[in-house]
Amino acid sequence: MSLSGPQWPLEKLALSPPTLDQLALSIHDGLQSNFRSVTVEVAQSPDLRQPPFHLAAEGLSGNPRVADVGGPLFLAPGPDFSKKYNLLSIAKQMEMPSDRGFILGAGAGPFHILGVNSELMPNVSFGAAACRGEEVANEDKLSNQTYYAKIAENDSYTCEEINGSHQTTDFALMANLLGTDGLPGPLLHIKAKSRLGSLNFTEAIQHALKATYGKKLISLGGVFVIRSGAAKMHVMPDFPPEPFAKREDVAAWLKFFDMPAPLVCLTVIHSGDDHGLSLRMEHTHCFAPGGGRGGHYHGDADDTKDDVEYEAWLNVAEVLYRIDRPGLVEVTVQYDFQ
Ligand code: ZN
């Protein structure tokens with residue numbers, strides 16, 4: 001795959017993550033206070049292309065890295081319509097090799113392609129990571145299983161694969177991404193059932209890590225499935241006729257829905273001090289396999305909290321890339337705080 005395109009301002013931070021075994025202990029202790037039944041282990045991942053996960057690559061292992069691209073400040077005040085990005089050129093800026101890679105996460109859809117603002121669930125593999133079974137590794141192969149969700153004419157929502165009618169790896173405004181070689185390997189395997197507390201699944205993980213590691217920056221990414229219950233989600237409508245004057249205008253503009261399981265959720269979660277990089281500390285977008293439902297995850301619905309069931313496969317990043325941070329001009333900076 002030829003990974004090229006605009007070079008956005010970039011800051012790079014080498015992380016020094018705890019081991020998966022250490023993280024498993026921390027997350028287990030934390031989740032127990034928020035869910036009735038919890039298991040956390042380090043296990044060899046199954047083929048995550050298969051149901052119920054529907055990822056574009058077999059696994060989440062091999063050089064795990066995260067990126068935070070743009071940000072909500074490009075939506076409001078604004079929007080800034082110059083912020084048009086491409087997942088493959090961002091992969092290059094994340095120093096991913098051109099012959100094998102997998103990117104997943106949460107972002108804003110490419111308004112300039114779709115003609116409307118939307119929620120994006122990036123899920124793209126390329127090169128050897130996009131090839132199956134006996135297939136000869138092909139550097140030009142692309143598997144784009146990205147979904148997007150938008151507001152429909154009747155103020156309801158729709159969600160479909162971006163490859164259905166639009167062949168694009170573009171996005172806009174913001175995204176939080178996990179990049180890996182897409183290989184199988186050991187990952188955090190988390191199961192949690194019946195929510196007792198007020199924290200949602202990703203908040204409970206953040207609280208667990210904060211309790212163990214305090215300000216140390218830890219960045220996780222991967223997939224979780226909501227197997228039963230329902231999720232509270234928002235979907236961004238199309239841009240308003242007048243630009244947003246301030247950030248606070250966005251909350252009243254978003255449309256909220258409860259969407260029933262099953263949902264596949266793509267997530268990036270940070271814990272600790274963001275070292276002034278204006279990181280979005282958590283960003284999760286979910287889609288229903290086959291489409292129809294999808295959006296930005298806020299938690300599971302209170303009226304299904306007894307029934308809710310989560311299953312996650314997560315990896316921990318070794319490197320963080322802050323790309324096109326709002327307010328930053330053309331620089332490339334490398335940090336090594338830890
Ligand atoms: Zn979002």
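What the table below lists for this structure:
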quantity: Every pair of residues 6+ apart whose Cβ atoms lie under 6 Å, when the first sits in segment 143-160 and is among the β-branched types (Val, Ile, Thr) while the second is surrounded by fewer than 23 Cβ atoms within 10 Å (Cβ to Cβ) and in a loop (DSSP other than H, G, I, E, B); calculated: Ile151/Pro237; Thr158/Ala152
quantity: Selection count, segment 180-224, where residues are part of a strand (DSSP E or B), of a type in the set (A, V, I, L, M) and crowded, with 22+ Cβ neighbours inside 10 Å; calculated: 7
quantity: Looking only at segment 117-127, and only at residues there that are small (Gly, Ala, Ser) and more than 16 Å from the ligand (Cβ to nearest atom), the one that is surrounded by the most Cβ atoms within 10 Å (Cβ to Cβ); calculated: Ser125
quantity: Total residues in segment 266-298, condition more than 11 Å from the ligand (Cβ to nearest atom) and closer than 15 Å to Leu314 by Cα; calculated: 3
quantity: Residues of segment 240-259 classified as within 18 Å of Leu120 (Cβ to Cβ) and more than 15 Å from the ligand (Cβ to nearest atom), total; calculated: 0
quantity: Every residue from segment 75-110 that is within 16 Å of the ligand (Cβ to nearest atom) and hydroxyl-bearing (Ser, Thr, Tyr); calculated: Tyr85
quantity: Sole exception among (1) more than 16 Å from the ligand (Cβ to nearest atom); (2) within 18 Å of Val264 (Cβ to Cβ); (3) surrounded by fewer than 24 Cβ atoms within 10 Å (Cβ to Cβ) for Asp303, by number; calculated: (2)
quantity: Residue that is farthest from His234 (Cα to Cα) [pool: residues in segment 144-155 that are out of contact with any Pro (no Cβ under 6 Å at 6 or more places or on another chain) and at pLDDT 95 or above]; calculated: Asn144
quantity: Residue within segment 211-219 that is of a type in the set (S, T, N, Q) and within 16 Å of the ligand (Cβ to nearest atom) present; calculated: no
quantity: Any hit, segment 238-249, residues being surrounded by 24 or more Cβ atoms within 10 Å (Cβ to Cβ) and touching a Gly at 6+ places or on another chain (Cβ under 8 Å); calculated: no
quantity: Scope segment 8-40; condition surrounded by 14 or more Cβ atoms within 10 Å (Cβ to Cβ), among the charged types (D, E, K, R) and either out of contact with any strand residue (DSSP E or B) (no Cβ under 7 Å at 6 or more places or on another chain) or assigned to a helix (DSSP H, G or I) (or both); matching residues; calculated: Asp29
quantity: Any pair with Cβ under 7 angstrom, 6 or more apart, that starts in segment 244-259 at a residue that is free of Cβ contacts under 8 Å to residues at least 24 places away in the same chain and ends at one that is outside any helix (DSSP H, G or I) and exposed (fewer than 14 other Cβ atoms within 10 Å of the Cβ); calculated: Trp253/Pro240
quantity: Residues of segment 41-61 classified as surrounded by 21 or more Cβ atoms within 10 Å (Cβ to Cβ) and either free of Cβ contacts under 8 Å to residues at least 40 places away in the same chain or within 13 Å of Pro186 (Cα to Cα) (or both), total; calculated: 5
quantity: Members of segment 227-239 found to be within 16 Å of the ligand (Cβ to nearest atom) and under 19 Å from the mean Cα position of the chain (by Cα), listed by number; calculated: Ala231, Lys232, Met233, His234, Val235, Met236
quantity: When residues of segment 306-315 are limited to those that are touching a Leu at 6+ places or on another chain (Cβ under 6 Å) and buried (at least 22 other Cβ atoms within 10 Å of the Cβ), the one nearest to Phe257 (Cα to Cα); calculated: Leu314
quantity: Qualifying residue in segment 57-72 (condition: in a loop (DSSP other than H, G, I, E, B), at pLDDT 95 or above and more than 18 Å from the chain's Cα centre (by Cα)); calculated: no
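Each row is one residue, and each column tells you yes or no for (1) on the phi > 0 side of the Ramachandran plot; (2) surrounded by 22 or more Cβ atoms within 10 Å (Cβ to Cβ).
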residue	(1), (2)
Ala76	no, no
Asp99	no, no
Gly115	yes, no
Ala129	no, yes
Ser143	no, no
Tyr147	no, yes
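The values are calculated or read from the model by the stated rules, or taken from the named source; none is laboratory data. The model shown is predicted, which means the values in this text are computed figures rather than measured ones. Every residue, glycine as well, gets a Cβ built from its backbone with ideal geometry; the counts of neighbours run over all protein chains shown.
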